[in-house]
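We did not get these values from a lab; they are worked out from the coordinates using the rules stated. Since this is a predicted model, take the numbers as computed values, not measurements.
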Amino acid sequence: MLDGIGSLRSEQWLRDYLSSPNPQAILPSRLKKQYQMPSYARMSDADRAVLVQYMAGLKVKDWYLADTKKAEYEKLTGMEYKK
């Protein structure tokens, strides 16, 4: 789910995550391996920078951010989100 990722994560975090040979070490996922985020470490630095800028630009309004955080937490952990 990329909806609002630019409001949830900083550009530096996105750069580190997309540069990692093992993104699950940064953000573990409950998803089956075939559905997990792949590593973009082999992508050229220039292409990865474009991807980071794009993802950082996927922002949402503050009123929508709470729902986005809740959905991300519940998807990643399988647990109910509590403020």
Original post:
In degrees from 0 to 90, rounded to the nearest 10, what is the angle of the helix 62-77 Cα long axis to the longest principal axis of the chain?
Top reply: 80
Subject >> Net length gained if the chain between residue 20 and residue 68 were fully extended (0.36 nm per residue, minus Cα distance) >> reply: 14.9 nm
Subject >> Ellipticity estimate at 222 nm from DSSP helix runs (n ≥ 4, -39,500 (n - 2.57)) divided over the chain, nearest 500 >> reply: -14500 deg cm²/dmol
Original post:
What are the ³J(HN,Hα) values, in whole Hz, obtained from phi via the Karplus relation 6.51 cos²θ - 1.76 cosθ + 1.60 with θ = phi - 60°, for each residue of region 27-39 in sequence order, with x given for Gly and Pro?
Top reply: 9, x, 10, 8, 5, 4, 3, 5, 9, 6, 4, x, 7
**OP:** Report the dimensions of the chain along its three principal axes from the alpha-carbon atoms, largest first, rounded to Å.
**Re:** 38, 29, 17
